[in-house]
Amino acid sequence: MNDLVTLTSQRLDATAYTTSDIIADNTGINRRSLKRTIQNHKGRLERFGKVGTVFTPLSSGQTAVSYQLNERQTMLLFFYLSHTPQVEKFQERLVNQFAVMKRELILRQAKFELGKDFSKSLHEAIRESPALGEHGHLYVNINKLVYKQALGVNVNDLRKARNIPKTEAITHYLSSSEADAVKQVKQQIRTLLEMKLDYQQIKQALQIQGVIYRIELQLPAKASVMQ
């Protein structure tokens, strides 16, 4: 599990980052002291992008402040820290986790590009299907079916959980494993459409095999209404 490095979003073009609190907690450096070091060298750090600021409300009513640092900023920061064994050991872990996150992003981007061709061929199969004339919402229903059978989730819930705008394709927000499952279901549906099956027959055929790669969604909590 990658617990040291996070993505700025779930989009394909997201940036991997860690925080000053994570660095402090894993190196034995006082959080306040580390933040002062970042502030003192902020000009140099921001040669590699803007240093993000995270505000976290505390139960005391105060607000805790930490900094977001991308990979190059993080590696530069280590030049300004004392190279104790604990610091050096943590730096190795952090380098490895940044590498893992970068590989995942590259893999996701590659699979997104490959998936474009499968999406195009599926649309062509829908357009040429006799079922299109019988079913006015075939494109929409096929799209919903793809995600239900690939990931076991409702399209609208997936958009809400990952904050995906209606104007953007869901495929921009899939992990590499999720993209594989979606591609597999699209291939299957295209084949079934070419066999002249209608929507209900396709749905039944896919339900027999079950969900390809089931995921769990964390839906945002509804905001409470102040009286």
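Would region 136-154 turn up any residue that is open to solvent by 50 Å² or more (accessible area, probe 1.4 Å), within 30 Å of Asp25 (Cα to Cα) and out of contact with any Asp or Glu (no Cβ under 6 Å at 6 or more places or on another chain)?
The first filter runs over region 136-154 and keeps only residues open to solvent by 50 Å² or more (accessible area, probe 1.4 Å), leaving 136-137, 139-140, 143-144, 148, 154.
Still in the list and also within 30 Å of Asp25 (Cα to Cα): none.
No, region 136-154 has no match at all.
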Among (1) farther than 29 Å from Thr171 by Cβ; (2) open to solvent by less than 40 Å² (accessible area, probe 1.4 Å); (3) touching a strand residue (DSSP E or B) at 6+ places or on another chain (Cβ under 7 Å), the one test that Phe55 misses: (2)
Residue list for region 172-195, filter: among the β-branched types (Val, Ile, Thr) and buried (at least 18 other Cβ atoms within 10 Å of the Cβ): Val182, Val185, Ile189
Within the bounds of region 60-67, is there any residue that is of a type in the set (Ser, Thr, Tyr) and open to solvent by 70 Å² or more (accessible area, probe 1.4 Å)? yes
Being touching a residue at least 12 places away in the same chain (Cβ under 8 Å), in a helix (DSSP H, G or I) and in contact with a Pro (Cβ under 9 Å, 6 or more places away or on another chain) is the filter here, so list the residues in region 139-196 that pass it. Lys160, Ala161
Checking Gln86 against (1) open to solvent by less than 30 Å² (accessible area, probe 1.4 Å); (2) over 30 Å from Pro165 (Cα atoms), which single condition isn't satisfied? (1)
Please go through region 5-47 and give me each residue that is under 16 Å from the mean Cα position of the chain (by Cα) and either farther than 30 Å from Glu113 by Cα or among the hydrophobic types (A, V, I, L, M, F, W, C) (or both), ordered by number. Val5, Leu7, Leu12, Ala14, Ala16
Restricting to region 197-221, give me the number of residues that are surrounded by fewer than 11 Cβ atoms within 10 Å (Cβ to Cβ) and either among the charged types (D, E, K, R) or in a loop (DSSP other than H, G, I, E, B) (or both). 6
Keeping to region 16-32, report how many residues are in contact with a helix residue (DSSP H, G or I) (Cβ under 8 Å, 6 or more places away or on another chain) and without any contact (Cβ under 8 Å) to a residue 40 or more places away in the chain. 4
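Residue-wise test of (1) at negative phi; (2) of a type in the set (A, V, I, L, M, F, W, C); (3) touching a residue at least 12 places away in the same chain (Cβ under 8 Å).
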{"site": "Lys50", "(1), (2), (3)": "yes, no, no"}
{"site": "Thr53", "(1), (2), (3)": "yes, no, yes"}
{"site": "Val65", "(1), (2), (3)": "yes, yes, yes"}
{"site": "Gln73", "(1), (2), (3)": "yes, no, yes"}
{"site": "Thr84", "(1), (2), (3)": "yes, no, yes"}
{"site": "Phe90", "(1), (2), (3)": "yes, yes, yes"}
{"site": "Gln97", "(1), (2), (3)": "yes, no, yes"}
{"site": "Arg103", "(1), (2), (3)": "yes, no, no"}
Can you confirm whether Gly115 is modelled with pLDDT under 95 and open to solvent by 70 Å² or more (accessible area, probe 1.4 Å)? no
Take the conditions touching a Phe, Trp or Tyr at 6+ places or on another chain (Cβ under 6 Å) and assigned to a helix (DSSP H, G or I) and apply them to Gln91. Does it pass? yes
Quick one: which of Phe48, Phe55, Phe79 is of a type in the set (Phe, Trp, Tyr) and over 30 Å from Arg162 (Cβ atoms)? Phe79
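The values are calculated or read from the model by the stated rules, or taken from the named source; none is laboratory data. This one's a predicted model, so the numbers in the text were calculated from it and none came from an experiment. In this analysis, Cβ positions are derived from the backbone assuming ideal geometry, glycine residues included, and neighbour counts consider all displayed protein chains. Only protein heavy atoms, including side chains, enter the accessible area calculation; ligands, DNA and RNA are left aside. Shrake-Rupley method; radii C 1.70, N 1.55, O 1.52, S 1.80 Å.
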